[in-house]
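Please read the structure below before turning to the comments.
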Amino acid sequence: QVQLVESGGGLVQPGGSLRLSCAASGSIFNIYARGWYRQAPGKQRELVAAITSGGSTNYADSVKGRFTISRDNAKSTVDLQMNSLKPEDTAVYYCNVIGPGYDFWGQGTQVTVSS
């Protein structure tokens, strides 16, 4: 059973930066896309950013120009660089990997943006 493990969350002041990383515990084949989602208290989980196997990226309008998703196929990792963080970015961030017949999720990492 593949497990996704996120790291890099924490407390940061508005305007600051964080880098989230997601690593898979085992090999994953034929990946369609990797993505980062977030869920704030009382809100639905939403897509933050995604990257396909071909390298195409997609971002939520609220993070465009501030967040960057990247992947390392050799290491089976996907990272999310978050700059110019705002209090409204506060949420639990989840890593996701999808492919034929599978949809893996990490356990989530808390990001809190507060002064």
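Of the candidates Arg34, Arg66, Arg19, which one comes out as most mobile in a Gaussian network treatment of the chain with C-alpha springs shorter than 10 Å?
Arg66
Taking a probe of 1.4 Å, how large is the accessible area per residue of the stretch 51-98, in Å²?
Using a 1.4 Å probe on heavy atoms only, each residue of the stretch 51-98 averages 48 Å².
Using label points projected 7 Å from each Cα along Cα→Cβ, tell me how many nm separate Val5 and Ser56, to one decimal.
Reported label-point gap for Val5 and Ser56 is 3.3 nm.
If Lys and Arg each add +1 and Asp and Glu each add -1, what is the summed charge of the other residues whose beta carbon sits under 10 Å from the beta carbon of Val78?
Computed value for this residue: 0.
Roughly how many percent of the accessible protein surface of the chain is carbon and sulfur, given a 1.4 Å probe and a whole-percent answer?
Result for the chain: 47 percent of the exposed heavy-atom area is carbon or sulfur.
Can you tell me the convex hull volume per residue for the chain, based on C-alpha atoms, in Å³ to the nearest whole number?
With only Cα atoms used, the chain gives 96 Å³ per residue.
By a straight-distance test (C-alpha under 16 Å), which aspartates and glutamates pair with Lys86 as possible cross-link partners, with residues fewer than eight away in the same chain excluded?
Asp61
Which of the aspartates and glutamates could a cross-linker span from Lys64 if the Cα-Cα distance has to be under 20 Å and same-chain partners fewer than 8 positions apart are dropped?
Glu46, Asp79, Glu88, Asp89
Which of the lysines could a cross-linker span from Lys75 if the Cα-Cα distance has to be under 24 Å and same-chain partners fewer than 8 positions apart are dropped?
none
Considering only Gly54, Gly26, Gly101, give the residue with the highest GNM mean-square fluctuation for the chain, with springs between Cα atoms whenever their separation is below 10 Å.
Gly101
The values are calculated or read from the model by the stated rules, or taken from the named source; none is laboratory data. Just so you know, these numbers come straight off a predicted model, no measurement behind them. Methodologically, a virtual Cβ is constructed for each residue, glycine included, from the backbone with ideal geometry; neighbour enumeration extends over all protein chains shown. When the accessible area is computed, the model is the full protein with side chains, heavy atoms only, and any ligands, DNA or RNA have been set aside. Shrake-Rupley method; radii C 1.70, N 1.55, O 1.52, S 1.80 Å.
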